[in-house]
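J.: Below: one structure in structure tokens.
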Amino acid sequence: MNVEELVKKAIEAKEMAYVPYSKFRVGAALLTDDGKIYKGCNIESASYSPTNCAERTAIFKAVSEGDKNFTAIAVTSDSGYTFPCGVCRQVMREFSPKLKIYIVKNENEYKEFTLEELLPHSFGPEDLIQNKLKDDKIEF
Ligand code: THU
């Protein structure tokens, strides 16, 4: 995997941010297991709550094009190291529990984390399987 390329694409993606309310631009670049890169930016709304983070924009673009397995995501803003919000971490968890996350300050400065580090003891699709609950003898 070429981390430098992913970092560049996240910085590029930030240019498209639609942020008239917060003025806080975020860009993300998501790498699929077969080497495709999806870019995403944050998109805000006058009624605020429909706002979509850059990370989820990239993930939803990918899933809507048939890609569901991701290796890494790079995230950047204009404000130093910006970490994904809790909602985005949960959406990452849905598809790729082993995801690598690059938090990018600029083209030359970034830090690597795993999703497991940022969302420990997570809840995911497997936890919904009824049989697992039976096996574990959990009653409800
Ligand atoms: N935001 C993201 O796009 N990703 C993050 O990781 C943190 C927050 C956006 C949402 C909103 O448009 C703006 O940043 C301020 O919260």
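The values are calculated or read from the model by the stated rules, or taken from the named source; none is laboratory data. Since this is a predicted model, take the numbers as computed values, not measurements. Neighbour counts are summed over all protein chains in view; Cβ atoms, including those assigned to glycine, are modelled from backbone coordinates with ideal geometry. Surface accessibility is based on the protein's heavy atoms, side chains included, excluding ligands, DNA and RNA. Shrake-Rupley method; radii C 1.70, N 1.55, O 1.52, S 1.80 Å.
J.: Normalise the Debye intensity by I(0) for the chain, one equal point scatterer per Cα, no solvent, then take log10 at q = 0.17, 0.18 Å⁻¹ and round to two decimals.
T.: The computed values of log10 I(q)/I(0) come out as -0.87, -0.95.
J.: If you fit an axis through the alpha-carbon atoms of helix 54-64 and take the longest principal axis of the Cα set of the chain, what angle between them do you get, 0 to 90°, nearest 10?
T.: Orientation of helix 54-64: about 60 degrees from the principal axis.
J.: Pull out a ≥ b ≥ c, the square roots of the eigenvalues of the alpha-carbon gyration tensor of region 45-118, then state rounded if a/c is under 1.5, prolate if not and a/b is larger than b/c, and oblate in the remaining case. Before the final figure, lay out the partial values.
T.: On the way: a/c = 1.69, a/b = 1.08, b/c = 1.57.
Taking the square roots of the gyration eigenvalues as a ≥ b ≥ c, region 45-118 is oblate.
J.: Using Cα pairs closer than 8 Å and at least 6 residues apart in sequence, work out the relative contact order for the chain, in percent. The partial results should precede the final answer.
T.: Values: 271 pairs, mean separation 26.8, N = 140.
Reported as a whole number, the value is 19 percent.
J.: May I pose another question? What do you get for chymotrypsin sites (Phe, Trp or Tyr not before Pro) in region 24-107 restricted to DSSP loop and a cutoff of at most 12 other Cβ within 10 Å of the site's Cβ?
T.: Working: sites: Phe24, Tyr38, Tyr48, Phe60, Phe70, Tyr81, Phe95, Tyr102; in loops: Phe24, Tyr48, Tyr81.
Qualifying residues, ordered by number: Tyr48.
J.: Mean-square fluctuation check for the chain, GNM, Cα pairs under 10 Å: which of Glu126, Glu55, Glu116 is largest?
T.: Glu126
J.: Where only protein heavy atoms count, and the probe is 1.4 Å, what is the accessible area per residue for the chain in Å²? Don't skip to the end; give the middle numbers.
T.: On the way: 8190 Å² over 140 residues.
It amounts to 59 Å² per residue over the chain.
J.: Can you tell me the 0 to 90 degree angle between the C-alpha axis of helix 3-14 and the longest principal axis of the chain, rounded to 10?
T.: 70
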